[in-house]
Every structure is written in C-alpha cells, then in structure tokens.
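The values are calculated or read from the model by the stated rules, or taken from the named source; none is laboratory data. Computed from a predicted structure; not experimentally measured. Cβ placement follows ideal geometry from the backbone for every residue including glycine, while neighbour counts extend to all protein chains displayed. Side chains are part of the model used for accessible areas, which takes the heavy atoms of the whole protein and leaves out ligands, DNA and RNA. Shrake-Rupley method; radii C 1.70, N 1.55, O 1.52, S 1.80 Å.
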Amino acid sequence: MSLEQHRGPPCHGVHSAIVLAWLLGIATAVTPGRAMADVTLKAAFTARALHDMLAAWRSDILFAAAAATLIGLMLGAAVLLRDRPVEIPARRLERRPIAAFDAVSPGFAAAVDTLVQGLVILDAEHRLVINNKLLYAFYPTGGAPFARGTPVRDIIARNVADGHHPGRTATELCAAMDSRLDAGHPFEFRHQLPGGRMVLAKWHKLPDGGWCGTYEDITERHRSSARIAHMARHDGLTELLNRTGFTEAVARALTRPADECAVLAITVDRFKKVVDSHGHPTADALLREAALRLRHAVRETDHVARLGGEEFAILQSAAEQPLAAAALARRITEVFATPFTIDGQEITVGASVGITRRETTTADAETLLRNASLALAHAKSAGAHPGTWSFFAPEMDTAARARSALETDLRHALERNEFELFYQPLVNIGDRRVSAFEALLRWRHPERGIIPPDSFIPLAEETGLIVPIGAWVLHTACAEAMRWENPDHGAPLRVAVNLSAIQFASPGLAEAVEAALAASGLPGNQLELEVTESVLLQDNTATLDTLHRLRALGARISMDDFGTGYSSLSYLRSFPFDKIKIDKSFIHGLNQPGESGAIVRAIAGLGISLGIATTAEGVETFEQLETLIADGCTEVQGYFFSPPRPAAEVPALILSAPARQAA
C-alpha cells in the first residue's frame, strides 16, 4: 500500500464512522467483568466520535450508511461474546495500544474487508493496527501480509521494493510521510500506479493520536478529467493545440529567459474558395491534411496549434533567431505549394506566414500572438501571390492602432453627420452637355479634415459599415439630384451611385434603393447604379436576381472599371448593362506606346455593336478627349472637365463643364 502524502482537505464521514465502529467493537469485546470501567473511559471517546460522525453524515450519507451497517455487525458480535469474559488491565491498554486489537473479533475484520475503499489504521506510534484486503488489491505485496504492529516506514520500504513507486526512494517517501504525520493535519494525495490506475488517499487523525487512511480507485474519474482537460486545450478537428493551449505553451516558454523563441502565424490561402467550391467536409479534410504537413515541418520540441478557421500557429523555441524562423517560414510555404489530394480531388492552396520573435524579457504571450497576426496581415496585403511571409516590425503596430482608431471614428461618423457627397460631371460627347454627375463620398473628419474614400471605404467594407453608409449615400444623392435643373430644359440630369459588393451580399439592397427613390421623389430612370466585376464574382444567381429587381425600379445599371477583370465579356452576355465605364488605367496610356489605345477602341466598338453607352474615366488632357471622340466613346469624365466638387457647386458645373470642352 502507498503512504505517499501531500497536503489536502480532511477525510469525510467514513473515517469517523470507522473509528466509531472500531471503538464500539473493542468496548463490546471487553465489557464483561472488571473491564467495565474501561468502557466508561471509552464512552467519552465514543460520544465524541459520534458527534464527529453525525456532523460528517450531513455531507456524506452513503458512507454513514455503510458505517451503520458495520456497527450493526459489531453489536451482533457483542451478543455472541457477552458470556465470554476477557480481562485486559488498563495499564496494558495504555502502554501497549497494539495489544488491544489482538482481541478484535473476526467479524470486525470481515466487515472491514467489505468496504469499497482501501483502509489502513495506524496507532499513535505510527504502527499498523489493521488494513483490509482491498488495500492489497491496490498495492500487492511480494511477501506475507503486513502484521499488526508493523512500522509505517517498513510498509513504505516494502512498497518501494515491490515496484509501486518507480523513480522514488524509500528514504524520501518515509521522510515525507513522517513530516505529514508529525504535523498532525489531515492530508490527501493522488498516486498513479505503474499499471495506470489512479488512487486517491485521504488521511485523518484519530482522537487517540492514531491515523486512519482510506484509498479510493478514481481511475475513471481521473481519465474523464484528463479528457476534459485535453479537450479544453486542443482543437477537435485537427487534435492540435487550440488558442488556449498554445497561449499557455508560449507563456511557459517565456519563463525561460535564455530561450530564444519565435511565434509564426499561418493562414491557408484561398481557403474560402475551397469552402465555396467543394463544401465544408472537403474543407475540413483539407485542414486536417494541413495540420499534418505543419507537424512534419517542425521539430518535436516545437508546438503547433490551430487558432481557428484556417489560421494556424507555431511556437519555435531553443533555436537561433531570426534565421531559424525564416527557414521554417520558407519551408512551410514550400510544403503548402504542393497540391493537396482530398477524396480524389486535387486542391491547390498556399500559405502566408507572419513571424514575431522574443526580443525583450517583458514580452508576454498575447503580445507575441498579436504581433504575429499583424505580420501575417502585412504579408497577405503585401504579397501579390500566396506563399508570402513577413517579420513583425514596430510600424505595423503603429499602423494597426491608427486603423483601430479610424474604425472607432468611422462607427460614429454617420450619426455625427460627418459624411458629405462630392459630384463629378459626366459629359455627353454628342451634345457637349453634362448628362450626369457621379456621387463620390467624402468624410469630413473633425480633426483630420477631408479623408478620401480610398482611406476608409475598404475599412467600411471589411467591418460591414458600408451597408448603412451606402444607404445614406443613396438617400442623399437622390434628394440632392432632385434640386438640379437643366438650364436648356433638356433631358433631366442623372445621378450615378457606386454600389459595393458587400451591399449586394447583404439583404435589402433593392429595398434601400426603392426607399431612397420614394423618399426623394426622384424618377428611377434618373438614377444610375455602378457595379464592379467583383459584384458578379459572388453568387451569380442571387446577384443577377438583385440586378433585375433594380432594373425593374427604372434604374440604369453600369459596369464600372470595365476591362480590369478576367470575364468582362461573359458578364455583358449574362446581364443587359446600360453602360460600360472604361477604366482610367487605359485612358492614362491612351496616347503612349502600348496596347491601351487598341483596348479602348475595341471596348468603344463593342459598345456600339451592342448598343451600350461607353464612358471613359480619367480624362485629363485635350489630346485624350480628341482620341476618345475619334474612337466612338459616348461619354467622358475626368479632371479635364472638373474634379469632384461639393453639392453647392453643381449648378455652376452644369454650365462650366461644356465650356471647358469647347475650349
């Protein structure tokens, strides 16, 4: 049996019950004759034990019931022995405590053996009084059972010799046991046996100075706890560490000052495309294969984790940094460049990596994880193709904090009425008049002044704020367009509004356009809605349905930035666009050597053939204008006529833009 000990809470009601039964058994055995006086002395102990037991019963009814059964057995044994006088002098009881148990009835020993816990009782001199058979089931002995009176140190030495404490010595275990017993406080400990079973031992001091220990098999309980602990720190899909487990591993590494470590954040590139194209089961299988490749790419001393979604992380420790981290990042990008085979399908993805390393002794786990994520974001934004990796730099943190502050301000900009619309004229080449104005959003920040759209629109799309902002733009543009008047009483001026792919992905776009038209009174045919090819790259069926609903409201639909994507011509076939806008990148190279001129002529000719208007964006010189007129474009827009101007200047622009063309 094991007597290794640690500090812990006191024993429960079973200890008091067993002690009471033991005292009652002795008292009953010695009651006849002159020993009656000893019974009176024992009564005080009995009463006190009974009081302790009753208190324990309140928290442990099952053990109390077992004790009651044991008491009944002892009382029955007392009836059988009442006519057999036994005389034990009081001096003998006081000087030789062990001898008192020489008279314990066989019924008592048999009852102890029925307990569901291993039991051992020591006297005040730390010698064995009694133990049950279950204790030997936990700690089988190679020799004869321990005799009453065996010192606890000898029991420990035998257990060590029998192999129950591998890696421990009898000397250290005896010293630990003596220390706890001499301290006189209840204690408990857990001991994992060589076979894998786990035993919980609880020791409690008895009123006479002895000790009672119970040993319980908690193997299943321990395994359940271990499974729960494992699940709390590991990812269920890949069996890698999860964020909690990984953070703890990084924190442990940081407690070793001399350990150079690096944290790498990894993301599977094009993963969303895999989900959309092949479904979640295939995507999950891909993540499991990705986890295996990462395991094979690192050393046994490194830690690999899945932080969530398609993002993984690696803790690389005890290595020469930053060379080791750079080599690992390069190795990861190479192994992910090899296509994955999932259920017979070949899937090509990639990996981007962000790296940070421990550079100060004050670094903490959360900071390292955040810095690695910032480096990963930089790698993804800077890389023109998958397989890019980047080290963290302090300016990334500065940029991230500035972006966070900008996002906070952006969330309040709408309610603070900080947005306004500027307008740029579109001039019809045929009649040399302004035919429409494109509404362009500006943010008038109270501290930073005018913020251009390319500084906050991507952030608004990422956060979803583009949906309420876009609704505001629609309402404002339609309301302001109602105030425009054509001085020659020609065709009503139109207003063009850009729509984001995020707006198309969100429900309610058609309803928002309808509400803006209804609130302003603007006829639907005076509203142009510009969409980019990125809109059509989404769910094609749902997107086309939304486009048809917008067309049904009377709105004209334009394809913006035409020619910059991969499938512009197929989109023209799938939906009858009213206009295509030639991207300004082609206009800039219009009168220079290269292919821009040929592309512009081809697009203009395509528009003529399909009966679709063509608008050239970014016109800045008279030479460009002349070329576009010759190529057959129907409409032009750019700084040659006017930069975007506030709404209050629109009436003047209606008159001045054509004059600029004539000049």
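Using R0 = 41 Å, the C-beta based FRET efficiency linking Ala598 and Glu462 works out to 0.65.
Each residue of the stretch 470-482 was assigned a 3J(HN,Hα) from its phi angle through the Karplus curve 6.51 cos²θ - 1.76 cosθ + 1.60 (θ = phi - 60°); the sequence is x, 5, 5, 4, 4, 4, 5, 5, 5, 5, 6, 5, 5 Hz, with glycine and proline shown as x.
On a straight-distance basis, which lysines could pair with Lys205 in a cross-link, Cα separation under 25 angstrom, same-chain partners fewer than 8 positions away excluded? Output for Lys205: Lys42, Lys133. Here the relative contact order of the stretch 248-380, from alpha carbon pairs under 8 Å that lie six or more residues apart, stands at 37 percent. Cross-link partners of Lys273 among lysines, defined as those whose alpha carbon lies under 18 angstrom from its own and excluding same-chain residues fewer than eight positions apart: Lys380. Can you list the residues of the stretch 605-627 with backbone N under 15 Å from a point 7 Å past the Cα of Arg573, pointing along Cα to Cβ? Of the residues in the stretch 605-627, 610 have backbone N under 15 Å from the label point off Arg573. For the stretch 531-637, taking the reciprocal of the average inverse distance between every pair of different Cα atoms yields a Kirkwood hydrodynamic radius of 14.3 Å. Label positions at Leu606 and Arg293, each projected 7 Å from the Cα along the C-beta direction, are separated by 3.6 nm. Phi-derived couplings, Karplus 6.51 cos²θ - 1.76 cosθ + 1.60 at θ = phi - 60°, listed residue by residue for the stretch 366-379: 5, 5, 4, 4, 5, 5, 5, 5, 5, 5, 5, 4, 5, 5 Hz, with x used for Gly and Pro. Roughly how many whole Å is it from the C-alpha centroid of the stretch 422-469 to that of the stretch 498-515? Computed from Cα coordinates, the inter-centre distance equals 17 Å. Couplings 3J(HN,Hα) for the stretch 503-508, derived from phi with the Karplus relation 6.51 cos²θ - 1.76 cosθ + 1.60 (θ = phi - 60°), are 5, 5, 6, 8, x, x Hz, where x marks Gly and Pro. Under a 5 Å amide H cut-off, with hydrogens placed 1.01 Å from N, Arg433 pairs with Asn428 among residues at least 5 apart or on other chains. Of the trypsin sites (Lys or Arg not before Pro) found in the stretch 281-353, the ones in coil according to DSSP and having at most 16 other Cβ atoms within 10 Å of their Cβ are Arg299. Proximity of backbone amide H atoms, modeled 1.01 Å from N, is registered between Asn486 and Leu493 at under 5 Å, excluding neighbours fewer than 5 places apart on the same chain.
Within the assembled protein chains, the solvent-accessible surface assigned to Glu289 is about 80 Å², based on a 1.4 Å probe. The translational diffusion coefficient of the stretch 399-471, from Stokes-Einstein at 20 °C and 1.002 mPa s with a Kirkwood hydrodynamic radius over alpha carbon pairs, comes to 156 µm²/s. Residues whose amide H comes within less than 5 Å of that of Trp211, counting only those at least five positions distant or on another chain, are Leu122, Asp123, Leu206 (H built at 1.01 Å from N in the peptide plane).
Compared with the alpha-carbon gap, the fully stretched path from Val275 to Ser179 is longer by 28.3 nm at 0.36 nm per residue. Per the Cauchy relation, a quarter of the hull surface: what is the mean projected area of the convex hull of the alpha carbons in the stretch 158-240, in nm²? Its Cα hull, projected and averaged over all orientations, spans 7.6 nm².
In this label model, Arg223 and Asp162 are separated by 2.4 nm, measuring between points 7 Å along each Cα→Cβ vector.
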